[in-house]
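The values are calculated or read from the model by the stated rules, or taken from the named source; none is laboratory data. Keep in mind it's a predicted model, so treat the numbers as computed, not measured. Positions of Cβ are generated from backbone atoms using ideal geometry, with glycine treated the same way; all protein chains shown enter the neighbour counts. The protein model used for the area step is the full one, side chains on, heavy atoms only, and it has no ligands, DNA or RNA in it. Shrake-Rupley method; radii C 1.70, N 1.55, O 1.52, S 1.80 Å.
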Amino acid sequence: MLKTKIILVALGAALAVPQVQAASPSPEEDRKAMVEYFQQMFPDVPMEEYVNGQYALNDDRRKQWESMQDFPPYEFAVAEGQEMFETPFANGKTYASCFENGGIGIRQNYPYFDTEKNEVITLELAINRCREANGEEPLRWKKGAIASISAYMASTSQGKPLNIKIPDDPDALAAYESGKEFYYTRRGQLNFACSSCHVQNPGNWIRADFLSPTLGQPANFPVHRSKWGELGTLHRRFSGCNNNVRAEPLPAQSEEYRNLEYFLTYMSNGLPVVGPATRP
């Protein structure tokens, strides 16, 4: 118990949201502190297992999850996503025209910071901007077609390590720090932060939910949740978490949620893409 308290204090010091920017550790120092913290908390869990979330920490739940993998419930949605990805727009172009490498095998590079637009670009944001650039209406953000297309694109990157970069640019660093601040800020009637569950309490139960660690979480998305009965995006999950602590959810693809995704995904740099995935 004492050791847990010590490493929690150490992580808090390393990842504290500073009042003075100059005192802030670098993003890479943050990431290394996060990795070290979880390695000490769960010394028997191999680093590559963190992409499996709660299933890396609970053998019973892992067995149930593995039994689903022969016929994963998201397969049809991924196939539909591929069909939509390859179907030409009215102008004859496809999604491939908007992305490096034709959109294949690039999921591990998202989100990224666009130094020209001075904003974080998530994969779903890029998908809808591609549609708009080709004269098509944007898709709904949280589920449906956009989740299927994103899931197909993620499936072409499975096994590739997350490779999120923070350019040497004050706006990029500010976006990262904004996401970090969001992650550690308490909110809602329950006064919980994201970190309250996923840094302080992974491996514990909160009501019927078994809490997963921060590391590896973005590598799974989009996910098919039993609770949803369908695929959903990471920002759908952000909204659900805010609802759970009785805080007002922000709009999907808001600047705050995109910055949060930027921070959260950077923390998992080097871990492989495994999405789409299934979760309870």
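Modelled spin-label separation between Glu255 and Gln39, with each label point placed 7 Å from Cα along the Cα-to-Cβ direction: 3.7 nm. Projected label points at Asn204 and Ser67, each 7 Å from Cα along the beta carbon direction, are separated by 2.9 nanometres.
Phi angles across the range 27-37 convert, under the Karplus curve 6.51 cos²θ - 1.76 cosθ + 1.60 with θ = phi - 60°, into 3J(HN,Hα) values of x, 5, 5, 4, 4, 5, 5, 5, 4, 4, 4 Hz, Gly and Pro given as x.
Surface exposure of the range 180-280, expressed per residue as accessible area with a 1.4 Å probe, stands at 37 Å². P(r) for the chain, from all Cα pairs and a bin width of 10 Å, is 6, 29, 37, 21, 6, 1, 0 %, short bins first. Residues whose amide H comes within less than 5 Å of that of Gly105, counting only those at least five positions distant or on another chain, are Thr156, Ser157 (H built at 1.01 Å from N in the peptide plane).
The aspartates and glutamates within cross-link reach of Lys180, meaning a Cα-to-Cα straight distance under 15 Å and a gap of 8 or more places when in the same chain, are Glu28, Glu29, Asp30, Asp171, Glu255, Glu256, Glu261. To the nearest 10 Å², what's Met34's accessible area with a 1.4 Å probe? Solvent-accessible area, nearest 10 Å²: 0 Å².
For Ile206, the residues whose amide H sits under 5 Å from its own are Leu211, ignoring neighbours fewer than 5 places away on the same chain, with H placed 1.01 Å from N.
Computed from backbone phi, the HN-Hα couplings of the range 228-240 come to 7, x, 6, 6, x, 8, 4, 6, 5, 5, 4, 4, x Hz, rounded to whole numbers (Karplus: 6.51 cos²θ - 1.76 cosθ + 1.60, θ = phi - 60°; Gly and Pro given as x). Between Ala79 and Glu136, the C-beta separation translates, for a Förster distance of 22 Å, into a calculated FRET efficiency of about 0.60. Among Asn259, Asn269, Asn242, determine the one that fluctuates most according to a GNM of the chain built with springs between C-alpha atoms less than 10 Å apart. So, out of Asn259, Asn269, Asn242, the one fluctuating most is Asn242. Take the Cα of Asp60, step 7 Å toward its Cβ, do the same at Glu86, and the gap between the two points is 4.4 nm. Rounded to the nearest 20, the Cβ-based charge dipole of the chain about its Cα centre (Lys and Arg +1, Asp and Glu -1) stands at 880 debye. Whole-Hz Karplus values for the range 110-119 come out as 10, x, 10, 9, 8, 6, 7, 8, 6, 7 Hz, taken residue by residue from phi with 6.51 cos²θ - 1.76 cosθ + 1.60 and θ = phi - 60°; glycine and proline positions read x. Considering only the Cα atoms of the range 224-280, their convex hull presents on average a projected area of 4.4 nm².
Computed over protein heavy atoms with a 1.4 Å probe, the carbon and sulfur contribution to the accessible area of the range 167-272 reaches 46%. Per residue, the range 21-76 exposes an accessible area of 61 Å² to a 1.4 Å probe, with every protein chain left in place. Note on the range 56-190: Cα convex hull, mean projected area over all directions, 11.5 nm².
Amide H to amide H, with H built 1.01 Å from N, Arg225 comes under 5 Å of Glu230, Gly232, Arg279, counting only residues 5 or more places away or on other chains. When only alpha carbons are used to place a centre, the range 99-136 and the range 148-211 end up 19 Å from one another.
Taking the 0 to 90 degree range and rounding to the nearest ten, how far is the long axis of helix 2-15 tilted relative to the main principal axis of the chain, both from C-alpha atoms? Approximately 50 degrees, to the nearest 10.
In terms of overall dimensions, the C-alpha atoms belonging to the range 177-262 reach 30, 26, 24 Å along their principal axes, ordered largest to smallest.
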